Amino acid sequence: MTKLLDFARLSARQVRKKRMRVLLTAFGIAIGIAAVVAMVSFGEGIRYQAIETIRQQSDLTLIEVTGSVKDGTVIPITESKAELVRKIPHVEAAGPVYRVSFSTLRQTYIDVLGIRAEDLRALFRPALASGELYPASSSQVLLGHELAEKLKKYEGIREGDLFTVVIRDYNEYGAPSDRKLAIKTGGTLRAREDALDTLLIMDRDAVSALSNESMPYNAVYVRVDDPENVMAVARDVQSLGLTANGAFRQIESVNRFMDLVILFLSIFAAISLVVGALMIVNTMVMSVYERTREIGVSMALGASQGDVVTLILTECLYIGMIGGIVGDLLGIFFSWVINTAGKAYLISQTGDLFSAFARYDLALVTPGILIAGFLVAVILSLVSGIYPALQAARMNPVEAIRHT
Amino acid sequence: MHATIEADNLRKVYRGSIPALGEASFTVGKGEFVTLIGRSGSGKSTLLNILGCLDSPSSGTLSLDGVPVDFRDSARLVSIRRQKIGFVFQQFNLLPHLTAQENVEYPMLFNYREPEERARTAGGLLERVGLDGRKDHLPAELSGGEQQRVAIARALVSDPPIILADEPTGNLDQKTSGEIFSLMQEIGRERKTTFFVVTHEREFGEYADRSFRLVDGTVTAI
Ligand SMILES: Nc1ncnc2c1ncn2[C@@H]1O[C@H](COP(=O)(O)OP(=O)(O)OP(=O)(O)O)[C@@H](O)[C@H]1O
Ligand SMILES: [Mg+2]
């Protein structure tokens, strides 16, 4: 180890002696690193922005658990499965629901959510515009804001009204038969900007009573305690053989998409890294050639082939470290340019479309990106040094010493 | 008591069947100061490189300090070079960007010693070769004779039993050459180090305990 440190000091001499050449070579790598850092930061900035938008606009901690089809058989949500879902860590509330549909006598289609009133409260914290939540096992219903508007407008149905809906059943041959049911609107939700707005909500047991046989639940709604834990809960749900859906899926697909975008951006930026690496190979091959005699003498004085390889690679390590640091600094500078000049230009060109970016940095330089940039520079330099180092180590010392 | 250098029928034939060395058989004892004289192209450097384990003979055997050298075992060759051999070159071959002190320490980076020990050993040797005040000078700031003194100190730094010098005064004037030879002779006596010195000039034979002559690849004692 101390031997390596001494080698490092020795190589530092070489590097200092050829300061200009080393700096220029390191600069080649640095530009590549800077391009990658700026591109990745740009991609990360857009990812952050997109995910923030999803976070603000959607209910991230709500998961809809549905049955899934596995090997051709449906895994239904039974009472016991629903109970298992409820017991998953970080699940704050879980409510099994039925999803059915009614239509009015005038053929207005109504989506129905059958859920216990206490589950509705725990999961959605419903705020009432008027009326009350429904009592258990009654045919009293709660209307979503939009649905209430629609029924009032097209059907003339108001709160407190009894009205008739049609339930369509299908027999075993697929032939439909209709039943009629009288229900009473007992309350209306405030506008929520989510799925509840268009739903007719009634007691779960009242929905299940509509059917002769017991049916499995259509879904379990799950409220997770914190957005951070949503993915973990979704995984646990999947391990129960069920399907988890929700706004978090959007984040997943944004992530997948941005991974791809960033990968492509980096590949193009990485082309300049290849050029930088070739510069290092060239510089080191030259440096080895110039020092042919020095290397031969070192071998005569007791340097092994490994020592020679280490000496050359240590020099590459310096080039890589300088290139990494300069590259990171340049990358930060490029990102700053994107964030100031680039952002102003983008907003002026696209107007409202990108006005949201005004609040965010377009390029997001994270410590992780900088560390990765530095490591890439170092590793690339070392890899570039392998060929010149082996060339040096394979020299015949006698010929090398005679070299002028 | 075994000989320090024991060469038995060493031959070297280069590619294209150029015979550079043939039938070199001789022994050199501990602490002996030997010169090797011969015409240009007679194979002096070839022999020296084989003795220094930098080159391998086409046939023949070599023992250094009582140990037979296996020329196929490159790891062993490295450790022999580190422990048994010190080289002095005609071109001095100091590393240009290292000071005199650092040049002398240089072999101890490979034959590893801690920095304090390195500094102490190198400092002592530089004093011994008369360059006490020049430790921090770069080779370019030293005269040829001074550079060769540094190189001698460097060759001695691992305290090897054998020093091989290939025309160490080839680039120096008459007076300086004499000083270098007497310095090597004194050090050889002090430290019981064997010196094997190739030289063009016969007159330096006076410093030697024995002189060999290389004629047409064959070593003969004078
Ligand atoms: N690598 C090589 N390939 C082919 N022939 C070589 C090689 N090295 C040396 N020779 C030949 O071997 C012979 C001996 O060379 P060597 O360098 O040992 O001579 P020398 O006695 O040291 O000469 P000088 O006094 O000029 O240094 C010469 O004829 C030389 O041309
Ligand atoms: Mg020669």
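The values are calculated or read from the model by the stated rules, or taken from the named source; none is laboratory data. This structure is a prediction, so every number in the text was calculated from the model and none was measured. As a convention, Cβ positions derive from the backbone with ideal geometry for all residues, glycine included, and neighbour counts pool all protein chains shown. Heavy atoms of the whole protein, side chains included, go into the accessibility calculation; ligands, DNA and RNA do not. Shrake-Rupley method; radii C 1.70, N 1.55, O 1.52, S 1.80 Å.
Can you tell me the accessible area per residue over chain B, all protein chains present, probe 1.4 angstrom, in square angstrom?
On the way: 9370 Å² over 222 residues.
Per-residue value: 42 Å².
What shape does the range A:62-245 take by its C-alpha gyration tensor, where a ≥ b ≥ c are the square roots of the eigenvalues and a/c under 1.5 counts as rounded, a/b above b/c as prolate, and the rest as oblate?
Details: a/c = 2.21, a/b = 1.34, b/c = 1.65.
Note, shape of the range A:62-245 comes out oblate.
Output ³J(HN,Hα) for the range B:17-27: one whole-Hz value per residue in order, computed from phi by the Karplus curve 6.51 cos²θ - 1.76 cosθ + 1.60 with θ = phi - 60°, and x for Gly and Pro.
6, 7, x, 9, 7, x, 6, 8, 10, 6, 10
Just the Kirkwood number for the protein assembly as shown, please: inverse of mean 1/r across all distinct Cα pairs, in Å, one decimal. Don't skip to the answer; put the middle values down first.
Working: mean 1/r = 0.0310 Å⁻¹.
The answer is 32.3 Å.
Show which aspartates and glutamates lie in cross-link reach of B:Lys135 when reach means a straight Cα distance below 14 angstrom and same-chain residues fewer than eight apart are skipped.
Correct list for B:Lys135: B:Glu102, B:Glu105, B:Glu127, B:Glu146.
At a Förster radius of 56 Å, what calculated FRET efficiency corresponds to the Cβ-Cβ distance of B:His2 and A:Lys70, to the nearest 0.05?
The pair B:His2/A:Lys70 has a calculated efficiency of 0.10.
Taking a probe of 1.4 Å, how large is the accessible area per residue of the range A:48-94, in Å²? Don't skip to the end; give the middle numbers.
Working: 2680 Å² over 47 residues.
Per-residue accessible area for the range A:48-94 comes out at 57 Å².
Could you tell me what percent of the accessible area of the protein assembly as shown is made up of carbon and sulfur, with a 1.4 Å probe and every protein chain present? Working shown, then result.
Working: 16630 of 29800 Å².
Of the solvent-accessible surface of the protein assembly as shown, carbon and sulfur hold 56 percent.
Give me the angle, in degrees from 0 to 90, between the Cα long axis of helix B:144-156 and the longest principal axis of the Cα atoms of chain B, rounded to the nearest 10.
Roughly 70 degrees between the two axes.
Compute the angle between helix B:74-84 and the longest alpha-carbon principal axis of chain B, please, reported from 0 to 90 degrees and rounded to the nearest 10.
Helix B:74-84 sits roughly 60 degrees off the main axis of chain B.
Placing +1 on the Cβ of each Lys and Arg and -1 on the Cβ of each Asp and Glu in the range B:17-130, which of B:His97, B:Gly124, B:Val67 has its Cα farthest towards the positive end of the resulting dipole?
The one lying farthest along the dipole's positive direction is B:Val67.
Label-point separation (nm) for A:Lys184 and B:Arg39, each offset 7 Å from Cα along Cα-to-Cβ?
Placing both labels 7 Å beyond Cα along the Cβ direction yields 13.3 nm.
Quick test of the membrane-span-like rule: which DSSP H helices of chain A reach at least 27 Å along their long axis (C-alpha atoms) with mean Kyte hydropathy at least 1.6? Kindly include the intermediate steps, with their values, before the conclusion.
Values: long enough: A:19-57 (54 Å, 0.79); A:247-290 (63 Å, 1.39); A:305-337 (47 Å, 1.44); A:367-393 (38 Å, 1.87).
Those that clear 27 Å and a mean of 1.6 are A:367-393.
Whole angstrom only: what separates the Cα centroid of the range A:310-329 from the Cα centroid of the range B:132-153?
32 Å
List the residues of the range B:66-109 whose accessible area drops by at least 40 Å² when all protein chains are present, compared with their chain alone, using a 1.4 Å probe and counting only protein heavy atoms.
For the range B:66-109, once contacts with the other chains are taken into account, B:Arg81, B:Arg82, B:Phe89, B:Asn93, B:His97, B:Tyr106, B:Leu109 lose 40 Å² or more.
Can you tell me the orientation of helix B:174-191 relative to chain B, as the angle in degrees between its alpha-carbon axis and the longest Cα principal axis, to the nearest 10?
90 degrees
Once each part is reduced to its C-alpha centroid, what is the distance from the range A:131-166 to the range A:68-114 in angstrom?
That distance is 22 Å.
Run the dipole for the protein assembly as shown about the Cα centre, Lys and Arg Cβ at +1, Asp and Glu Cβ at -1, nothing else charged, and hand back the magnitude in debye, nearest 20. Intermediate results must be reported in sequence, preceding the final value.
Working: 66 positive and 71 negative charges, 198 e Å.
Dipole size: approximately 940 debye.
Could you tell me whether the range B:144-222 comes out rounded, prolate or oblate from its Cα gyration tensor? Rule is a ≥ b ≥ c as square roots of the eigenvalues, rounded for a/c under 1.5, then prolate if a/b exceeds b/c, otherwise oblate.
Numbers: a/c = 1.76, a/b = 1.26, b/c = 1.40.
It is oblate, given that a/c is not under 1.5 and a/b is not larger than b/c.
Under a crude label model (7 Å from the Cα following the beta-carbon direction), how far is B:Asn171 from A:Arg9 in nanometres?
Result for the modelled spin labels: 2.7 nm.
Output ³J(HN,Hα) for the range B:207-222: one whole-Hz value per residue in order, computed from phi by the Karplus curve 6.51 cos²θ - 1.76 cosθ + 1.60 with θ = phi - 60°, and x for Gly and Pro.
These are the phi-based 3J(HN,Hα) values: 7, 8, 6, 8, 10, 10, 10, 10, 10, 6, x, 10, 8, 10, 7, 9 Hz.
If amide H atoms are built 1.01 Å from N in the plane of the peptide, which residues on other chains or at least 5 residues away come under 5 Å of the amide H of A:Glu92?
Those qualifying (amide H under 5 Å, at least 5 residues apart or on another chain) are A:Arg223, A:Val224, A:Asp225.
Accessible area drop of at least 20 Å² (1.4 Å probe, protein heavy atoms): which residues of the range A:289-335 qualify, relative to the chain alone?
A:Arg293, A:Glu294, A:Val297, A:Ser298, A:Met299, A:Ala300, A:Leu301, A:Gly302, A:Ala303, A:Ser304
For a test of the definition: using alpha carbon positions, the gyration tensor, and the 1.5 limit on a/c, classify chain B as rounded, prolate or oblate.
Numbers: a/c = 1.77, a/b = 1.40, b/c = 1.26.
Prolate, because a/c is 1.5 or more and a/b exceeds b/c.
I'd like to check one number: the per residue accessible area of the range A:294-404, probe 1.4 Å, reported in Å² as a whole number. All intermediate terms of the calculation are to be shown ahead of the outcome.
Working: 5260 Å² over 111 residues.
Counting only protein heavy atoms, the per-residue value for the range A:294-404 is 47 Å².
At a probe radius of 1.4 Å, figure out the B/A buried accessible area, summed over both chains, and give it in Å² to the nearest 100. Please report the intermediate quantities before stating the final value.
Details: alone 10450 and 21600 Å², together 29800 Å².
Looking at B and A, the buried total is near 2300 Å².
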